[in-house]
Amino acid sequence: MKAVVFDMDGTLVDTMPLVLSTYAATLRGLGGPEVTREQIQGAFRLGTAPAVLAHFLGRAITPEELERHRAEFRSRATAVEPFPGVVAMLDTLRAGGLPLAVYTGASRVGARRSLGMTGLDAYFPVVVTGDDVPRQKPAADGLHQACAALGVPAERTAYVGDTVADLDCATAAGARPVHAAWDAEVPHVPGHARAGHPREVPGLVASGGSGRP
């Protein structure tokens, strides 16, 4: 592989509980339904926050309501951190000369905030967000855009993510899927290279191995 692209939430940064609780709280505050973690995650394929909130509310949201959602996130995001081992993994990949990028379904504002708060923005000259693409994961649009910005074909790129949508996105793009399975809540997804800890990613990228079954 000649480049590595990463998902963000649940892969680089431990923000998934924060993201899910923020959506649930915003919906309650706007008079929407009570929703489960699985329902919210399933709606991520619809796009960024305006589309997800509109889906559950059954109507378009106003700019004021979107700002309310962002303020809810900011009020909760007091201790966002990378997963243990992520910084060392990125240092290893960068020392090996591999260009790095992020493709996340999060909004541009959310991605900038999370990467900036954790200091991970210094590793990624290319960040593609859900605001930048016409179709969300598992469509390959964002991953193709990230690869083009890096100047590396998707076929020579690994895409590391924690969800089935991430892995399907990599497959659709012709990239190598690597399952980021270091979050204890991530279910096993068979048939893909699997990294149980970030330190395993450089070896999988270099060797093309299948990881642990």
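Every number here is computed from the coordinates shown, using simple stated rules; none is lab data. Quick caveat: nothing in here was measured; it's all calculated off a predicted structure. With ideal geometry, Cβ positions are generated from the backbone for all residues, glycine too; neighbour counts draw on all protein chains shown.
Put +1 on the Cβ of every Lys and Arg and -1 on every Asp and Glu Cβ in region 74-213; which of ALA181, LEU100, ALA195 then has its Cα farthest towards the positive end of the dipole?
Checked the options; the winner is LEU100.
Taking a ≥ b ≥ c as the square roots of the Cα gyration tensor eigenvalues, with a/c under 1.5 meaning rounded and otherwise prolate when a/b beats b/c, else oblate, which class fits region 70-166? Mind dumping the intermediate values first?
Details: a/c = 1.93, a/b = 1.18, b/c = 1.63.
Verdict is oblate for region 70-166.
Counting only helical runs of four or more DSSP H residues, what would the 222 nm mean residue ellipticity of the chain come to if each run contributes -39,500 (n - 2.57) and the total is spread over all its residues? Let's see the in-between values first.
Values: 9 runs with 92 residues, N = 213.
After summing the helix terms and dividing by the residues of the chain, the value is -13000 deg cm²/dmol.
Which angle from 0 to 90°, rounded to the nearest 10, does the C-alpha axis of helix 16-29 make with the longest principal axis of the chain?
10
What angle, in degrees between 0 and 90 and rounded to the nearest 10, separates the Cα long axis of helix 63-76 from the longest principal axis of the Cα atoms of the chain?
Once rounded, one gets 60 degrees.
Show me, for region 97-108, the HN-Hα J-couplings you get by feeding each phi into the Karplus relation (A = 6.51, B = -1.76, C = 1.60, θ = phi - 60°), rounded to Hz, glycine and proline as x.
Karplus values, whole Hz, x for Gly and Pro: x, 8, x, 10, 8, 10, 10, 10, x, 5, 5, 4.
Can you classify region 92-137 as rounded, prolate or oblate using the Cα gyration tensor, where a ≥ b ≥ c are the square roots of its eigenvalues, rounded means a/c under 1.5, and otherwise it's prolate if a/b beats b/c and oblate if not? Walk me through the numbers on the way to the answer.
Numbers: a/c = 3.29, a/b = 1.52, b/c = 2.17.
Because a/c hits 1.5 or more and a/b fails to exceed b/c, region 92-137 counts as oblate.
Let me make sure I get this right: for region 16-76, a, b and c are the square roots of the gyration tensor eigenvalues over alpha carbons, sorted descending. Under 1.5 in a/c it's rounded, otherwise prolate if a/b > b/c, else oblate. Which is it? All intermediate terms of the calculation are to be shown ahead of the outcome.
Working: a/c = 1.37, a/b = 1.05, b/c = 1.30.
Note, shape of region 16-76 comes out rounded.
Once amide H atoms are placed 1.01 Å from N in the peptide plane, what residues at a sequence separation of 5 or more from TYR103, or on another chain, have their amide H within under 5 Å of its amide H?
Amide H to amide H, under 5 Å and 5 or more residues apart or across chains, TYR103 pairs with PHE6, ASP7, VAL128.
Once amide H atoms are built 1.01 Å from N in the peptide plane, which residues 5 or more positions from ALA3, or in another chain, come under 5 Å H to H?
Under 5 Å from the amide H of ALA3 lie the amide H atoms of ALA158, each far enough along the sequence or on another chain.
Need one number: % antiparallel among DSSP beta bridges in the chain, to the nearest 5.
Values: 1 of 20 bridges.
Around 5 percent antiparallel, to the nearest 5.
Can you tell me the 0 to 90 degree angle between the C-alpha axis of helix 86-95 and the longest principal axis of the chain, rounded to 10?
40
What does the charge count near VAL128 come to, summing +1 for each Lys or Arg and -1 for each Asp or Glu among other residues with Cβ under 10 Å from its Cβ?
With Lys, Arg at +1 and Asp, Glu at -1, the neighbours total -2.
Amide H to amide H, which residues 5 or more places from PHE83 or on other chains are under 5 Å from it, using H placed in the peptide plane?
Those lying under 5 Å, H to H, from PHE83 are VAL13, ASP14.
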